[in-house]
Amino acid sequence: MAVRNVVKKDEELIRKKSKPVKNFDDDLGELLDDMWETMYAFDGMGLAAVQVGILRRAIIIDVNGLKAELINPEIIYKEGEAVEEEGCLSVSGFHGRVKRPYKIKVKAFDRYGYPFTIEGESWLARCICHECDHLDGILFTDKLEKKGK
Ligand code: NI
């Protein structure tokens, strides 16, 4: 396992769309292991593969101790909305308020290719939405709430 460099907001790569994972093999396992190590090294609560320079649809999250690896995640249900302040390991030293669904349901695969579905509320939903945005080249700074809203 290794801590990898985190791609920052001004690098072109962070804006690229990630491709679906096709091979659930050892390389994917290694990527995910490195992502965990990298995320914890920088105190993150979520990380997308593109943030370590790999354009594949894989994210990890650790929200209040709930840890998950989501490969080819797809948000299949959204409910409600909430505005909270977010940050991102690719956007150093800046936080901003973003509106997200309060509750979501997401379909994904684990590192071995088995499908599963999870439901999340509040910060869990927020974190998954934030990381899924990364897979489409979207940063939270694209979605900031205007003042007074
Ligand atoms: Ni981020």
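The values are calculated or read from the model by the stated rules, or taken from the named source; none is laboratory data. Because the structure is predicted, anything quoted here is derived from the model rather than measured. For neighbour counting, all protein chains shown are included, and Cβ atoms are generated from backbone atoms with ideal geometry for every residue, glycine included. Each accessible area value is taken on the protein alone, full model and side chains, heavy atoms only, with ligands, DNA and RNA left out. Shrake-Rupley method; radii C 1.70, N 1.55, O 1.52, S 1.80 Å.
Miscellaneous remarks
- Subset tally (residues that are among the small types (Gly, Ala, Ser) and open to solvent by 50 Å² or more (accessible area, probe 1.4 Å)) for region 95-121: 0
- Residue check, Ile60 open to solvent by 20 Å² or more (accessible area, probe 1.4 Å), within 14 Å of the chain's Cα centre (by Cα), closer than 19 Å to Cys88 by Cβ and not acidic (Asp, Glu): no
- Glu86 passes every criterion in (1) out of contact with any Leu (no Cβ under 6 Å at 6 or more places or on another chain); (2) away from the ligand (no atom under 12 Å from the Cβ); (3) under 24 Å from Val3 (Cβ atoms) apart from (2).
- Members of region 116-149 that are over 26 Å from Asp27 (Cβ atoms), free of Cβ contacts under 8 Å to residues at least 24 places away in the same chain and within 12 Å of the ligand (Cβ to nearest atom): Asp142
- Only one of the numbered conditions (1) touching a strand residue (DSSP E or B) at 6+ places or on another chain (Cβ under 9 Å); (2) open to solvent by 20 Å² or more (accessible area, probe 1.4 Å); (3) within 20 Å of Ile118 (Cα to Cα); (4) of a type outside the set (Val, Ile, Thr) is violated by Leu55, and that is (3).
Conditions (1) touching a helix residue (DSSP H, G or I) at 6+ places or on another chain (Cβ under 9 Å); (2) open to solvent by 60 Å² or more (accessible area, probe 1.4 Å), marked per residue:
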residue	(1), (2)
Met1	yes, yes
Ser18	yes, no
Tyr40	no, yes
Leu70	yes, no
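- Applying a threshold of 9 Å to beta carbon distances and a minimum spacing of six or more residues, or different chains, the list of pairs starting in region 94-114 at a residue that is in contact (Cβ under 8 Å) with a residue 24 or more places away in the chain and ending at one that is of a type in the set (Gly, Ala, Ser) and open to solvent by 40 Å² or more (accessible area, probe 1.4 Å) reads Pro101/Gly80; Lys103/Gly80; Lys103/Ser122.
- Qualifying residue in region 105-115 (condition: within 16 Å of the ligand (Cβ to nearest atom) and at pLDDT 95 or above): no
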